[in-house]
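The values are calculated or read from the model by the stated rules, or taken from the named source; none is laboratory data. All figures in this text were calculated on a predicted structure; none of them were measured in a lab. Counting neighbours? That spans all protein chains shown, and the Cβs are built from the backbone with ideal geometry, glycine included.
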């Protein structure tokens, strides 16, 4: 990826977003790789008779989760997390919510389903105690909508 980013004096989201798919195509389908005898990496994929299906990829992702804790939502829809109040939603007041760390973020699960997610939780999770003062006074879980993430692989 260093080759891609070195092309730009300044990183601006729109040009990077526009140009990255073309660069990924170049790296995978055009540029040769020494480990493959000068052939592009796509030729290695064509040697196999099966590709990972969407179902298989989703199955693999389902293993990437970790239950963090269970909490009871207060009557106003809040729980205490990272030393702050975090809004989950009044619909879940006085019910137990299971918090699960997944690839999508910190998910709030009730009745076996994800009901809310805090996608940027990681920036608070790993802070040392002396830096936690930088956490906003209130945190918010957003209603859960499954993220769509393009699966792009770049061979190096």
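Would you mind stating whether residue 35 is modelled with pLDDT of 75 or more and either assigned to a strand (DSSP E or B) or assigned by TED's automatic domain parsing to the domain that holds residue 128 (or both)? Give the steps one after another, and end with the answer.
Values: modelled with pLDDT of 75 or more: yes; either assigned to a strand (DSSP E or B) or assigned by TED's automatic domain parsing to the domain that holds residue 128 (or both): no.
Here the answer is no, as residue 35 does not meet what is asked.
Search segment 57-83 for residues that are loosely packed, with under 10 Cβ neighbours inside 10 Å and pair each with any residue that is in a strand (DSSP E or B) when their beta-carbon atoms are under 7 Å apart and the residues are at least 6 apart or on different chains.
Between residues of segment 57-83 that are loosely packed, with under 10 Cβ neighbours inside 10 Å and residues that are in a strand (DSSP E or B), the close pairs are 66/100; 66/101.
Out of 26, 8, report the one residue that is assigned to a loop (DSSP other than H, G, I, E, B) and surrounded by 11 or more Cβ atoms within 10 Å (Cβ to Cβ).
Numbers: 26 fails: assigned to a loop (DSSP other than H, G, I, E, B).
Exactly one residue qualifies, and that residue is 8.
Anything in segment 103-120 that is touching a residue at least 24 places away in the same chain (Cβ under 8 Å) and outside any strand (DSSP E or B)? List them, or say none.
Listed by number, the residues that qualify are 103, 104, 119.
For every residue, the table says whether it meets (1) modelled with pLDDT under 85; (2) under 18 Å from the mean Cα position of the chain (by Cα); (3) over 24 Å from residue 59 (Cα atoms).
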site	(1), (2), (3)
89	no, no, yes
93	no, no, yes
96	no, no, yes
107	no, yes, no
116	no, yes, no
121	yes, yes, no
126	yes, yes, yes
130	yes, no, yes
